[in-house]
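See below for the structure under consideration.
Throughout, read-outs are computed from the coordinates displayed, never taken from laboratory work. Model, not experiment: these values are computed from the prediction. Here the Cβ is made from the backbone with ideal geometry for all residues, glycine too, and neighbour counts use every protein chain on show.
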């Protein structure tokens, strides 16, 4: 079992909280780097959210 599979199983049912944590972590990185890598941080946030499962009922379904 990979680390990502373990994380997914731990976060199952708590996708909205995980999304908030991902956003908060990205904001922290942007703050510490003075927004130098904003586009890369945003891309990483979106990929993490897609991988861990988006919140139910969102307009943007995960890409295949």
- Note on the structure: With bins of 10 Å, the percent of all Cα-Cα pairs of segment 1-45 per bin from 0 is 27, 40, 28, 5
- Note on the structure: Between residue 29 and residue 5, the two model label points (7 Å from Cα along the beta-carbon direction) sit apart by a distance in nm of 2.5 nm
